[in-house]
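Asker: Can you keep this structure in mind? I'll have questions shortly.
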Amino acid sequence: MQTEFEKNTWVINYTSDNFYNRQFAFGEDLALSKGDKSITWINTYGLEYMDEFRQMVNGNELDDFLLRLLLNQKMGNKVIQLEEQLFVAARIVKTEHHNLESEQMFFVVAKDFVWCIQEKWGDHFDWIRHRIFENKGIIRKKKADYLLFFILETLISNYKEKYEESVLMDSTLDAIVKEEPTPEFMFEVENKKAMINEFKRASHGLRDIIIKLERVEVKGFHTKYFSELREQINGLINDIDSDILELESQINLFFSIQGHRLNEVMKTLTIFSVIFIPLTFMAGIYGMNFTNMPELQWPYGYFILLGLMLVVTIISIIIFKRKKWF
């Protein structure tokens, strides 16, 4: 009867001439190194199989330090060089869904095998599998280091595609200038910033891994492939940094424009207030009900007061014009 570990683990073994792809079985697939020229790629989905991990490590006489490393499921990003193996931990962003989720991945790599352990089900590596099955390119002629290069290159490509699809900086920047500063719009902008920063953290983590991979010295492991990956991830990080700076600049411009609009409104209201304050004052005086107010008896008092109000208004407007208040 199959264990849960076996149900969630697949093994691909290939040479330049042939390959096989099947569900993992301890009886047939325990040995990671086959002792021939073949390369073994094992994918395990799930981090909870510590008994099976121990069986894999002990059965292949791997460094038992790997068990302590695999126990730490929140390790983040690390590259640890063992005697003849390489342990790589990567905290990646899953790009399958709209809401970004993080996932811990572990890689145990030697010259003739890659054991990939993923926290969650699903990946973007099918195109690599198809190249192996259809014998496209040179992947079946290369060692496990080239397979690891393809896997990491896929992660970088997925980041780039998902970033370009999700962020859409041009439309965001246009909206920032045109929209009103409603709470909903500002919440959307903050979500956009959080998404960009999530991609930035994940990209920096991959870059750290790639830089460390360029420096490792493991028997049968060539580091020449990873220089190209460093250029790719640096290009993505530069794009993200540029977008962050542009977004922050546009947000500042947005608030400056809104502040300017508010100042214009306040200035207009102030001008109207300054004009109508003396008029209100005069209207208030002659609206009082005292008996001894001789102007109330003037036959043309009403028109004189209106004329005085008009003069005050004109004088106020002339003063505002000279001071260039509008």
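Asker: Can you run down the residue pairs with Cβ atoms below 9 Å, 6 or more apart or on separate chains, where the first is in the range 190-218 and on the phi > 0 side of the Ramachandran plot and the partner is part of a helix (DSSP H, G or I) and open to solvent by 60 Å² or more (accessible area, probe 1.4 Å)?
Answerer: Close Cβ pairs satisfying both conditions: none exist.
Asker: Still on this structure, I have one more. Which of (1) modelled with pLDDT of 80 or more; (2) open to solvent by 80 Å² or more (accessible area, probe 1.4 Å) is the odd one out, the single condition D239 does not satisfy?
Answerer: For D239, the exception is condition (2).
Asker: Only one of G59, G76 is surrounded by fewer than 14 Cβ atoms within 10 Å (Cβ to Cβ) and more than 32 Å from the chain's Cα centre (by Cα); which? Please lay out each step first, then the result.
Answerer: On the way: G76 fails: more than 32 Å from the chain's Cα centre (by Cα).
After applying the criteria, what remains is G59.
Asker: What number of residues within the range 210-227 satisfy the criterion of being open to solvent by less than 50 Å² (accessible area, probe 1.4 Å) and outside any helix (DSSP H, G or I)?
Answerer: Of the residues in that region, 7 qualify.
Asker: Now a separate question. If we scan the range 242-253, do we find a residue that is open to solvent by 50 Å² or more (accessible area, probe 1.4 Å) and over 30 Å from F199 (Cβ atoms)?
Answerer: No, the range 242-253 has no match at all.
Asker: Please go through the range 123-138 and give me each residue that is touching a helix residue (DSSP H, G or I) at 6+ places or on another chain (Cβ under 8 Å), charged (D, E, K, R) and open to solvent by 90 Å² or more (accessible area, probe 1.4 Å), ordered by number.
Answerer: Scanning the range 123-138 gives a single hit, K136.
Asker: Got a sec? Which helices (runs of 4 or more DSSP H) wholly within the range 18-115 have at least 3 residues that are at pLDDT below 90, out of contact with any Leu (no Cβ under 6 Å at 6 or more places or on another chain) and more than 25 Å from L213 (Cα to Cα)? Working first, answer last.
Answerer: Numbers: elements: 26-29, 50-59, 65-71.
The qualifying helices (runs of 4 or more DSSP H) are 26-29.
Asker: From the list R207, R230, which residue is part of a helix (DSSP H, G or I), open to solvent by 80 Å² or more (accessible area, probe 1.4 Å) and at pLDDT 85 or above? So that I can check it myself, show each step before the final result.
Answerer: Numbers: R207 fails: open to solvent by 80 Å² or more (accessible area, probe 1.4 Å).
Within the list R207, R230, the selection yields R230.
Asker: Turning to a different aspect of this structure: Residues in the range 79-106 that are open to solvent by less than 60 Å² (accessible area, probe 1.4 Å) and not basic (K, R): how many?
Answerer: Summing the residues that are open to solvent by less than 60 Å² (accessible area, probe 1.4 Å) and not basic (K, R) in the range 79-106 gives 18.
Asker: In this structure, is Q258 buried (at least 16 other Cβ atoms within 10 Å of the Cβ), over 27 Å from G76 (Cα atoms) and not small (G, A, S)? Explain how you work it out, then say what you get.
Answerer: On the way: buried (at least 16 other Cβ atoms within 10 Å of the Cβ): no; over 27 Å from G76 (Cα atoms): yes; not small (G, A, S): yes.
No.
Asker: If you scan the range 261-303, which residues turn out to be of a type in the set (F, W, Y) and either under 23 Å from T313 (Cβ atoms) or surrounded by 10 or more Cβ atoms within 10 Å (Cβ to Cβ) (or both)?
Answerer: Of all residues in the range 261-303, those of a type in the set (F, W, Y) come to 272, 276, 281, 286, 290, 298, 300, 302-303.
F272, F276, F281, Y286, W298, Y300, Y302, F303 - these are the residues of the range 261-303 that are of a type in the set (F, W, Y) and either under 23 Å from T313 (Cβ atoms) or surrounded by 10 or more Cβ atoms within 10 Å (Cβ to Cβ) (or both).
Asker: Still on this structure, I have one more. State yes or no: is E179 within 17 Å of the chain's Cα centre (by Cα), open to solvent by 30 Å² or more (accessible area, probe 1.4 Å), at pLDDT below 85 and not aromatic (F, W, Y)?
Answerer: Spelling it out, it is not the case that E179 is within 17 Å of the chain's Cα centre (by Cα), open to solvent by 30 Å² or more (accessible area, probe 1.4 Å), at pLDDT below 85 and not aromatic (F, W, Y).
Asker: For F221, indicate whether it is at pLDDT below 85 and in contact with a helix residue (DSSP H, G or I) (Cβ under 6 Å, 6 or more places away or on another chain).
Answerer: Numbers: at pLDDT below 85: yes; in contact with a helix residue (DSSP H, G or I) (Cβ under 6 Å, 6 or more places away or on another chain): yes.
Judged against the criteria, F221 is a match.
Asker: Another question, if that's okay. Between a residue in the range 279-291 that is aliphatic (A, V, I, L, M) and any residue that is not in a helix (DSSP H, G or I), which pairs come within a Cβ distance under 9 Å, given they are 6 or more apart or on different chains?
Answerer: Short answer, once both residue conditions are applied: I285/M293.
Asker: For L308, all conditions in the list (1) surrounded by 10 or more Cβ atoms within 10 Å (Cβ to Cβ); (2) within 60 Å of the chain's Cα centre (by Cα) hold save one; what is the number of the exception?
Answerer: For L308, the exception is condition (2).
Asker: Which members of the range 116-138 meet the condition of being assigned to a helix (DSSP H, G or I) and in contact (Cβ under 8 Å) with a residue 24 or more places away in the chain? Lay out the reasoning, then the answer.
Answerer: Restricting attention to the range 116-138, the residues satisfying the condition of being assigned to a helix (DSSP H, G or I) are 126-133.
Passing the criteria: W127, I128, R129, I132, F133.
Asker: Would you pick out the residues in the range 143-160 that are touching a residue at least 60 places away in the same chain (Cβ under 8 Å) and either assigned to a loop (DSSP other than H, G, I, E, B) or within 25 Å of M56 (Cα to Cα) (or both)?
Answerer: Hits for the range 143-160 are K143, A144, D145, Y146, L147, L148, F149, L152.
Asker: Within the range 64-79, does at least one residue satisfy the condition of being under 18 Å from L147 (Cβ atoms) and in contact with a strand residue (DSSP E or B) (Cβ under 8 Å, 6 or more places away or on another chain)? Spell out how you get there, then give the answer.
Answerer: Looking only at the range 64-79, we keep the residues that are under 18 Å from L147 (Cβ atoms), and these are 79.
The next check asks that each one be in contact with a strand residue (DSSP E or B) (Cβ under 8 Å, 6 or more places away or on another chain); those that pass are 79.
Looking for residues that are under 18 Å from L147 (Cβ atoms) and in contact with a strand residue (DSSP E or B) (Cβ under 8 Å, 6 or more places away or on another chain), one finds at least one in the range 64-79, hence yes.
The values are calculated or read from the model by the stated rules, or taken from the named source; none is laboratory data. Just so you know, these numbers come straight off a predicted model, no measurement behind them. With ideal geometry, Cβ positions are generated from the backbone for all residues, glycine too; neighbour counts draw on all protein chains shown. Side chains included, ligands, DNA and RNA excluded: accessible areas come from the protein's heavy atoms. Shrake-Rupley method; radii C 1.70, N 1.55, O 1.52, S 1.80 Å.
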